[in-house]
Amino acid sequence: MNHTIVEGHVLTPAGFVRGRVRIEGERIAAVEGEPVDEASARGDTTRALVLPGFIDLHVHGGGGADTMDAGDAVATLTRTHARHGTTSLLATTMTAPMADIEAALKALAPSCRARAPGAASVLGVHLEGPYINAQRLGAQPDFARLPTLNEILALHALAPIRVLTLAPEVDGALALIPALVDAGLRVQVGHSIATYEQATEALRCGAAGFTHLFNAMSGLHHRAPGTAGAALAHAVHAELIPDLQHVHPGAIRAALRAVPGLYCVTDATSATGMPDGDYRLGRQTVTKCLDAVRLADGTLAGSTLTMDQALRNLVFALGLSLTEASARVSTNAARYLGEAARGAIEAGAFADLVLLDAASLEVKRVFVEGEAL
């Protein structure tokens, strides 16, 4: 069994310690050191900051590859995001003809069973569509369809669907939620024109979260709170894209105060890590320019965000402590997904670590299940 020692200011569930992480094989054997406050940890530029690896539950692509490309696309995107500190993720699909979705899931299945060397772990699939509202497609192609339990379970049999985005107001959707939850899926409200009442009813039926909060959903008005209002009033969990383009910093701050388990996602596309130009997002052509990805009509179409940049945005642009920012890009997502052995640096957990420069918060080194990348 391989033995590795990682030294630095280590963020544990109890706070920072100045010390070391002892890795044996894929797991953390021990964390040793003396407690230190965050200011001291960040002020000591001679040592790296050691944080739990980032966990991204909504990522479509990276490095020029898109999950809907099938083939070896998942290998490219998981290696691309691993270089930016993402140690595990949900490969996210697009609304598309059923044959395209089936092909994508079949291609993803082997990566869900076993991690490739040098890559982030694929914890399963986030099925974002086709069971959404055609009036809130966002950047999704117009292949929305009504959900049926048999069809969803058939897709789940091809590759494990951990998260399913659903518009609860479409015919038959609300009635399916309890059965989907019983099958082990986390249902999220998204791409929806649901009223406040419909969205809260979805939560009552077992929906667990909201997909890219504020985007592609009915917005908040004080006399018509909509889906966004239901999330702010009642959600324990919701995902949010902190690229500072999808959501205004003021709205991000409101969500951080309102949703205790809020976690950040990239919604990254194949354009992530690539030069400006045209790329694919499912069946759509999107253009990357000035760190944004848009359809021809100007609609934001996913992002070029990476999780290390998400962390820096939370700390430098929004003023969060590094401890809270780490929870928002790692721990909260792990707890939401029920991944008890990820999202925290403690004995017995997977050795998923990201080492950061104390001043810039740039990635210096990444460990995925004990493998140094």
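Quick notes
- Residue check for I152: modelled with pLDDT of 95 or more, surrounded by fewer than 23 Cβ atoms within 10 Å (Cβ to Cβ), within 23 Å of the chain's Cα centre (by Cα) and over 28 Å from A107 (Cβ atoms): no
- Residue among H84, H9, H3, H58 that is over 18 Å from A334 (Cβ atoms), modelled with pLDDT of 95 or more and either in contact with a strand residue (DSSP E or B) (Cβ under 8 Å, 6 or more places away or on another chain) or outside the structural domain of R115 (by TED's automatic domain parsing) (or both): H9
- Scanning the stretch 201-213 for residues that are of a type in the set (A, V, I, L, M, F, W, C), within 20 Å of G138 (Cβ to Cβ) and not in a loop (DSSP other than H, G, I, E, B) returns A202, F210.
- Residue match in the stretch 163-182 (condition: in contact with a strand residue (DSSP E or B) (Cβ under 6 Å, 6 or more places away or on another chain), small (G, A, S) and not in a helix (DSSP H, G or I)): yes
- Taking the stretch 166-212 as the range and being of a type in the set (D, E) and buried (at least 17 other Cβ atoms within 10 Å of the Cβ) as the test, the residues that pass are E169, E201.
- Meets criteria (in contact (Cβ under 8 Å) with a residue 24 or more places away in the chain and hydrophobic (A, V, I, L, M, F, W, C)) for A167: yes
- Scan of the stretch 135-162 for residues that are farther than 21 Å from L232 by Cβ, among the small types (G, A, S) and assigned to a loop (DSSP other than H, G, I, E, B), ordered by number: A139, A144, A159
- Looking at I177, I161, just one residue is touching a residue at least 24 places away in the same chain (Cβ under 8 Å) and under 19 Å from the mean Cα position of the chain (by Cα), and that residue is I161.
- Selected residue [modelled with pLDDT of 95 or more and part of a helix (DSSP H, G or I)] from A104, A119: A104
- Residue in the stretch 316-331 that is in contact (Cβ under 8 Å) with a residue 40 or more places away in the chain, crowded, with 23+ Cβ neighbours inside 10 Å, within 17 Å of the chain's Cα centre (by Cα) and not in a helix (DSSP H, G or I) present: no
- Within the stretch 231-241, considering residues that are among the hydrophobic types (A, V, I, L, M, F, W, C) and over 8 Å from F210 (Cβ atoms), the one surrounded by the most Cβ atoms within 10 Å (Cβ to Cβ): L240
- Residue within the stretch 341-354 that is hydrophobic (A, V, I, L, M, F, W, C) and assigned to a helix (DSSP H, G or I) present: no
The values are calculated or read from the model by the stated rules, or taken from the named source; none is laboratory data. Quick caveat: nothing in here was measured; it's all calculated off a predicted structure. Don't worry about glycine lacking a Cβ; one is built from the backbone with ideal geometry, like all the others, and counts go over all protein chains shown.
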